[in-house]
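Single-structure report; data block below.
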Amino acid sequence: MARGAARHRELRATWLATVVNRDWPSKPGLPVAAQQAELTGLLDAAVKRRLNAVIFQVRPAADALWPSPYEPWSSFLTGTQGRDPGWDPLGFAVRAAHRRGLELHAWCNPYRVANHPDPSRLVPTHPARVHPEWVVPYGGKLYYNPGLPEVRRFVQDAMFDAVTRYAVDGLHWDDYFYPYPVAGQTFDDDAAFARYGAGFPDRAAWRRHNIDLLVQETSRRVRALRRRVHFGVSPFGVWRNKATDPLGSDTRAGVQTYDDLYADTRRWVREGWLDYITPQVYWNLGFAAADYATLVPWWARTVAGSGVRLYVGEALYKAGDPAQPAPWQDVAELSRHLAFARQHPQVAGHAFFSAKEVATDPFGAMARVVADHYPSRVRPPR
């Protein structure tokens with residue numbers, strides 16, 4: 001395909017992060033009209049960049065950006081967890097996105113409870129306070145314990161409230177399952193392992209089984225709906241290094257999702273449990289430990305024949321950042337990613353992290369992508 005030629009259909013998405021007010025709202029406690037204006041501004045920016053989907057973070061930390069019967073209103077809206085913001089951000093976002101020809105995928109984080117270690121800072125009615133036995137403190141944060149069947153049921157129910165009540169086009173998870181390792185700390189799930197871990201060769205296999213169940217059960221629930229909702233995950237970009245597993249990528253990444261997050265992302269694809277996977281291939285072409293030019297072909301081979309669509313997650317936020325390696329100081333780096341990916345027919349689109357940079361584009365990298373690859377708007381795959 002010639003450079004710049006538009007595909008008939010491809011995903012062109014941006015993540016819109018709400019955790020710690022990363023993209024939206026710019027700060028908690030803004031008036032409703034200001035929050036709505038900021039949100040529609042980000043959607044308008046996506047349209048201007050000829051994107052066709054927004055992955056909107058609606059459950060950033062065991063909370064909700066809609067009136068959920070399961071979890072409290074997010075503190076990122078008002079500054080106070082549980083305080084009604086006076087409007088329904090998810091309902092508003094779905095309508096506003098669809099009016100602009102954008103898909104809206106509801107992005108949820110399954111197990112993160114809080115970015116601090118103090119349960120008493122949660123609203124008293126928070127499920128993590130009602131069920132303290134569900135919670136594991138780790139690395140200065142709080143997490144639900146994935147090894148408890150009642151937790152797995154609850155987090156699914158909480159997420160599905162958004163999926164069943166709103167005309168969302170997808171249910172999307174990010175890269176957090178069991179937490180990223182913290183040196184010198186142990187994720188204390190001894191009691192759950194003692195109760196439920198019989199028959200597994202080790203704790204790691206049991207933990208992977210817990211996450212596999214979450215994915216498999218969610219997949220079944222999504223496909224039981226009467227309408228088409230796509231289920232996708234955006235994992236850390238490396239499943240396993242080749243030195244660890246001959247099936248892995250020829251990388252030397254410090255994190256491997258299979259071993260460190262207990263997320264067997266390759267299996268989820270091969271079993272067909274997902275509709276799409278969006279690995280976060282957040283490294284430049286030629287990066288020694290995890291080369292974009294190594295990982296995209298690996299993921300293309302992984303999805304081949306599976307029926308699972310491959311969208312590549314792109315680190316727009318790194319473009320022009322002086323703290324990043326030299327290739328990111330070239331405004332064309334991201335455009336070269338898309339040109340490289342187009343050599344692989346399994347790549348059905350890209351997602352850019354994240355909406356703030358899509359809108360402000362301080363380095364001009366997004367504009368370069370649009371000029372080189374998005375000559376007109378296209379529809380996302382269906």
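The values are calculated or read from the model by the stated rules, or taken from the named source; none is laboratory data. The structure displayed is predicted, hence computed values, not measured ones. So basically every Cβ, Gly included, is an ideal-geometry build from the backbone, and we count neighbours across all protein chains shown. Just so you know, the surface numbers come from the protein's heavy atoms only, side chains and all, with ligands and any DNA or RNA stripped out. Shrake-Rupley method; radii C 1.70, N 1.55, O 1.52, S 1.80 Å.
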**Request:** Could you list which residues have their amide H under 5 Å from that of residue 309, counting only those 5 or more apart in sequence or on another chain, with H placed in the peptide plane?
**Result:** 276, 277
**Request:** Taking the Cα centre of the chain as origin, work out the dipole magnitude from +1 charges on Lys and Arg Cβ and -1 charges on Asp and Glu Cβ, in debye rounded to 20.
**Result:** 1340
**Message:** Under the rule a/c < 1.5 gives rounded, and otherwise a/b versus b/c splits prolate from oblate, where does region 132-171 land using the Cα gyration tensor?
**Reply:** prolate
**Asked** Can you tell which of 102, 24, 145 lies farthest toward the positive end of the dipole of region 1-157, using +1 and -1 charges on the Cβ of basic and acidic side chains (Lys, Arg; Asp, Glu)?
**Response** 102
**Message:** For a quick check: with amide H placed at 1.01 Å from N, whose amide H comes under 5 Å from residue 114's, ignoring anything fewer than 5 positions away on the same chain?
**Reply:** 142
**Request:** State whether region 208-300 is rounded, prolate or oblate according to the following rule on the C-alpha gyration tensor (a ≥ b ≥ c being the square roots of its eigenvalues): a/c under 1.5 gives rounded; otherwise a/b larger than b/c gives prolate, and the remaining case gives oblate.
**Result:** prolate
**Asked** What share of all Cα pairs of region 149-222, in percent, falls into each consecutive 10 Å distance bin?
**Response** 15, 43, 29, 12, 1
**Message:** Please give me the summed charge of the neighbours of residue 257: other residues whose Cβ is under 14 Å from its Cβ, Lys and Arg +1, Asp and Glu -1.
**Reply:** -2
**Prompt:** Which lysines, on any chain, are close to residue 356 with Cα under 29 Å apart, when same-chain ones fewer than 8 places away are left out?
**Reply:** 27, 48, 141, 318
**Fill in**
Note on the chain: contact order normalised by length, alpha-carbon pairs under 8 Å, 6 or more apart, percent, works out to 19
**Request:** In debye, nearest 20, what is the charge dipole magnitude of region 256-357 about its Cα centre with +1 on Lys and Arg Cβ and -1 on Asp and Glu Cβ, if you could check?
**Result:** 320
**Fill in**
Length-normalised contact order of region 1-157, Cα under 8 Å, at least 6 apart, in percent, tallies to 20
**Message:** Using the Karplus curve 6.51 cos²θ - 1.76 cosθ + 1.60 with θ = phi - 60°, what ³J(HN,Hα) values do you get for each residue of region 275-286, in whole Hz, with x for Gly and Pro?
**Reply:** 8, 8, 10, 10, x, 7, 8, 8, 10, 7, 4, x
**Fill in**
Mean projected area, convex hull of alpha-carbon positions in the chain, reported to one decimal in nm², is 18.3
**Asked** Does region 276-382 classify as rounded, prolate or oblate by the C-alpha gyration tensor (a ≥ b ≥ c root eigenvalues; a/c under 1.5 gives rounded; else a/b over b/c gives prolate, otherwise oblate)?
**Response** oblate
**Message:** I'd like to know which of 91, 181, 154 lies farthest towards the positive end of the charge dipole of region 85-190, counting +1 on Cβ of Lys and Arg and -1 on Cβ of Asp and Glu.
**Reply:** 91
**Complete:** Per-residue ellipticity at 222 nm attributable to helices in the chain (runs of n ≥ 4 DSSP H, -39500 (n - 2.57) apiece, nearest 500 deg cm²/dmol) works out to -9500 deg cm²/dmol
**Asked** What list of ³J(HN,Hα) values in whole Hz, one per residue of region 175-185 in order, does the Karplus curve 6.51 cos²θ - 1.76 cosθ + 1.60 (θ = phi - 60°) give from phi, with Gly and Pro shown as x?
**Response** 9, 9, 10, 5, x, 4, x, 10, 4, x, 10
**Message:** Under the rule of at least 5 residues apart or a separate chain, name every residue whose amide H is placed under 5 Å from the amide H of residue 352.
**Reply:** 13, 14, 15, 314
**Request:** Could you point to the residue in 239, 199, 370 farthest towards the positive end of the chain's charge dipole, with +1 and -1 charges on the Cβ of Lys/Arg and Asp/Glu respectively?
**Result:** 370
**Asked** Roughly how many debye, to the nearest 20, is the charge dipole of region 155-256 about its Cα centre, given +1 on each Lys and Arg Cβ, -1 on each Asp and Glu Cβ, and no other charges?
**Response** 480
**Prompt:** Any idea of the accessible area per residue across the chain, 1.4 Å probe, to the nearest Å²?
**Reply:** 38
**For region 250-262, Karplus couplings with θ = phi - 60° (6.51, -1.76, 1.60), whole Hz, Gly/Pro x** = 7, 10, 10, 5, x, 10, 10, 4, 4, 8, 9, 10, 6
**Message:** At a 10 angstrom cut-off on C-beta neighbours, averaged per residue, how do the peptides 146-157, 130-141 rank from highest to lowest?
**Reply:** 146-157, 130-141
**Prompt:** Of 22, 226, 49, which is the most mobile in a GNM of the chain whose springs link Cα atoms less than 10 angstrom apart?
**Reply:** 226
